[in-house]
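Structure first, commentary second.
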Amino acid sequence: MLVVRLGAISRRIAFLAVAALLLLGPAPGQIFGAHSPFLREWIMFAGVGIGIPKGVFTLHAANGAALPLTPPEVAGVTSYPQIRHYLFDKRVFEDIDIKRFAGRICDQAVEGERLSFDGFIGSRLGWRPVSVDDICALPDPVPSADGESGT
Amino acid sequence: MIAAFLPKFLAWGPDFVGSTRPAALMRIGIALIVFARFGAEVSLFNATSPLEIALGVTFFMFLTMMLVGYMSRLASAMTGLAILGMYFIGGAAMAVPGWAHHHVYLLGIASLLLAMTPCGASYSVDRLRELGHGEAPPERGFLWAQRLIALQLSALYFWTAIDKTDWAFLSGQRLEQIFVWTYTGRTLELFLAWPMLLALLSSTVVIVEYWLAVAILVPRWRRFALPVGIGLHATFYLLLPVDTYSITAITLYLALLDPDAVHRFIDRIQGHDVAAHRL
């Protein structure tokens, strides 16, 4: 009888403890910003699309001609690769990162050419307006250190 | 009021008893999903050291035991620990791509919770062995951990809805960003032409997720919640690269059903009560 009662009590304690962990575990990270790898936050796809431009790049020739380019054309892709989004090394987190996104064009640009961008960059807070007059003249960006956020 | 609520809560949660068939079906389903998810990454052909060979062999040994139901609870526990080990050590600490994802965590925690159920009392080698000894063990047991799986699903819906409750998501901007990454240069790029549709879809997803967090736990609402939830996960599966997340969540919906009703349903479709269906 005692064993049965102890079993019931331990089962109830285990149930309440695990239930509290499952139900409230995400709260420290998602409400208070106190992130821990041991308390899983449910923020699926929160990082997908972050750092991807939406807008128009324009390649200005020395003679004044302007050639509009889409973001995929500038990145040299027809579609973004079907890889984990955080493995795409051209994502734009700061304005100067757009030089990394447009690296292919800047590497091929001839004397007198200028690449500009007018549009938005994806961020956690929505579309962030960005306008850069001469991308290739920006200082070189540092490599991205972004981790697996928003998985 | 507490005196009236407590017995109901205990009967629903920690003292809940029922048929073990849903837990067994989840054990089999989750094991198959884990095979599909990690088959290519943990298999021996990918190993770069004897240690990885040993870990791979051990992982697949316990996973196979979980699938066939041999020492079911131990096998489920070891599989769950191995997956969470990959999640915490491989994913979070060593940054192996994809291992720190929510769908991996869900597979790990589901396996661990299944280990706390009598998931080997049905559809298992464990049961077959007991029957071989002349015993017919009951397909019943304490299912408190099955309730915890239901709470895990509820928490998942609630917290993901919390994460989406901001202007960036509700206005459709975040969904547009996700679609720009996923659909650019592909046929479904046409979605990007309708920002109002994206805002409507975003708001709908958030409302449905808040509702599901409660509705899957309320018996009266469950008959509506289950098709809506399955539809939501099927939509995610078809429109986004969600890996095993959708199929895992749908498999865990077995934890939301009345286990005895599942038991009776299986008896009925197998014609157990009809003599003509017996060999």
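State all residues of segment B:233-246 that are in contact with a helix residue (DSSP H, G or I) (Cβ under 6 Å, 6 or more places away or on another chain) and of a type in the set (A, V, I, L, M); if no residue qualifies, say none.
Within segment B:233-246, B:Val242 is the sole residue that qualifies.
Name every residue in segment B:69-84 that is more than 18 Å from the chain's Cα centre (by Cα) and surrounded by 15 or more Cβ atoms within 10 Å (Cβ to Cβ), in order of residue number.
Those that are more than 18 Å from the chain's Cα centre (by Cα) and surrounded by 15 or more Cβ atoms within 10 Å (Cβ to Cβ): B:Tyr70, B:Met71.
Within segment B:67-106, which residues are out of contact with any Phe, Trp or Tyr (no Cβ under 6 Å at 6 or more places or on another chain), within 19 Å of A:Pro26 (Cα to Cα) and either β-branched (Val, Ile, Thr) or not assigned by TED's automatic domain parsing to the domain that holds B:Val57 (or both)?
Matches in segment B:67-106: none.
State the number of residues belonging to segment A:1-32 that are closer than 12 Å to B:Trp159 by Cβ and assigned to a helix (DSSP H, G or I).
8
Only one residue in B:Gly39, B:Gly80, B:Gly18, B:Gly98 is farther than 26 Å from B:Arg140 by Cβ and either hydroxyl-bearing (Ser, Thr, Tyr) or outside any loop (DSSP other than H, G, I, E, B) (or both), so which one is that?
Going through B:Gly39, B:Gly80, B:Gly18, B:Gly98 in turn, the sole match is B:Gly39.
Please count how many residues of segment A:1-47 are at the interface with chain B (Cβ under 7 Å from one of its Cβ atoms), charged (D, E, K, R) and without any contact (Cβ under 8 Å) to a residue 12 or more places away in the chain.
Of the residues in that region, 2 qualify.
Examine segment B:234-245 for a residue that is at pLDDT 95 or above and touching a Gly at 6+ places or on another chain (Cβ under 7 Å), and state whether such a residue exists.
no
Hey, among B:Glu130, B:Glu189, B:Glu209, which residue is buried (at least 18 other Cβ atoms within 10 Å of the Cβ), free of Cβ contacts under 8 Å to residues at least 60 places away in the same chain, part of a helix (DSSP H, G or I) and of a type outside the set (Gly, Ala, Ser)?
That would be B:Glu209, the only listed residue that is buried (at least 18 other Cβ atoms within 10 Å of the Cβ), free of Cβ contacts under 8 Å to residues at least 60 places away in the same chain, part of a helix (DSSP H, G or I) and of a type outside the set (Gly, Ala, Ser).
The values are calculated or read from the model by the stated rules, or taken from the named source; none is laboratory data. The structure displayed is predicted, hence computed values, not measured ones. No Cβ is skipped: glycine too gets one built from the backbone with ideal geometry, and neighbour counts run over all protein chains shown.
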